[in-house]
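A.B. asks: The structure is given below, and queries will be raised subsequently.
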Amino acid sequence: MSAAPLRPITTPDALEAACERLAGAAHLAVDTEFIRDRTYFAQLCLVQVASEEEHVLIDPLALDDLAPLRALLTRPEILKVFHAGRHDLEI
């Protein structure tokens with residue numbers, strides 16, 4: 001199997017399109033990264049979402065609205081597998 005294409009997401013249109021494509025997946029792998037330095041609350045700085053067909057790197061610092069991502073991740077028919085999910089659930 002070949003590697004899924006890697007797509008950086010930094011615009012609302014790109015986020016919407018990526019979430020629409022990923023919505024057809026049976027399962028998604030999800031990983032997040034946070035900035036925790038010099039802050040009282042962790043700041044989300046990267047969301048990686050992968051299906052068998054593609055891998056997206058979402059830059060939440062470049063986006064004002066993550067609603068399309070929220071809609072994707074709350075779809076009950078898609079199995080989500082989180083890397084080190086305890087930290088993700090904390091946020």
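A.B. asks: Quick one: in the range 37-75, of everything that is out of contact with any strand residue (DSSP E or B) (no Cβ under 9 Å at 6 or more places or on another chain) and either of a type in the set (S, T, N, Q) or surrounded by 16 or more Cβ atoms within 10 Å (Cβ to Cβ) (or both), which residue is modelled with the lowest pLDDT?
C.D. replies: Among residues in the range 37-75 that are out of contact with any strand residue (DSSP E or B) (no Cβ under 9 Å at 6 or more places or on another chain) and either of a type in the set (S, T, N, Q) or surrounded by 16 or more Cβ atoms within 10 Å (Cβ to Cβ) (or both), the one modelled with the lowest pLDDT is 39.
A.B. asks: For the list (1) within 20 Å of residue 12 (Cα to Cα); (2) among the β-branched types (Val, Ile, Thr); (3) outside any strand (DSSP E or B), I need the number of the one condition that residue 39 fails.
C.D. replies: Status for residue 39: all satisfied but (1).
A.B. asks: Then there's this: Given the criteria in a loop (DSSP other than H, G, I, E, B), within 23 Å of residue 12 (Cα to Cα) and of a type in the set (A, V, I, L, M), does residue 63 qualify?
C.D. replies: On the way: in a loop (DSSP other than H, G, I, E, B): yes; within 23 Å of residue 12 (Cα to Cα): yes; of a type in the set (A, V, I, L, M): yes.
Yes; evaluated as a whole, the condition is true for this residue.
A.B. asks: If you scan the range 1-21, which residues turn out to be modelled with pLDDT under 95, farther than 19 Å from residue 80 by Cβ and open to solvent by less than 70 Å² (accessible area, probe 1.4 Å)?
C.D. replies: Taking the range 1-21 first, the residues modelled with pLDDT under 95 are 1-8.
From what's left, farther than 19 Å from residue 80 by Cβ: 1-3, 5-6, 8.
Passing the criteria: only 5.
A.B. asks: Okay, moving on. Would you confirm, using the coordinates I've provided, whether residue 57 is in contact (Cβ under 8 Å) with a residue 40 or more places away in the chain and in a strand (DSSP E or B)?
C.D. replies: Details: in contact (Cβ under 8 Å) with a residue 40 or more places away in the chain: yes; in a strand (DSSP E or B): yes.
Criteria met by residue 57.
A.B. asks: May I pose another question? Just the residues that are touching a strand residue (DSSP E or B) at 6+ places or on another chain (Cβ under 8 Å), closer than 15 Å to residue 69 by Cβ and not in a strand (DSSP E or B), please, taken from the range 1-36.
C.D. replies: Selection gives 14, 15, 18, 22.
A.B. asks: Here is a further query. Can you name every residue in the range 22-36 that is over 19 Å from residue 89 (Cα atoms) and either surrounded by 13 or more Cβ atoms within 10 Å (Cβ to Cβ) or modelled with pLDDT under 95 (or both)? Give the steps one after another, and end with the answer.
C.D. replies: Taking the range 22-36 and keeping what is over 19 Å from residue 89 (Cα atoms), we get 22-26.
Once the filter is applied, which keeps residues that are over 19 Å from residue 89 (Cα atoms) and either surrounded by 13 or more Cβ atoms within 10 Å (Cβ to Cβ) or modelled with pLDDT under 95 (or both), the range 22-36 yields 22, 23, 25.
The values are calculated or read from the model by the stated rules, or taken from the named source; none is laboratory data. Treat the numbers as computed from the prediction; the structure is a model and nothing was measured. Every residue, glycine among them, receives a Cβ derived from its backbone with ideal geometry; neighbour counts consider all protein chains shown. What goes into the accessible areas is simple: the full protein's heavy atoms, side chains included, and nothing from ligands, DNA or RNA. Shrake-Rupley method; radii C 1.70, N 1.55, O 1.52, S 1.80 Å.
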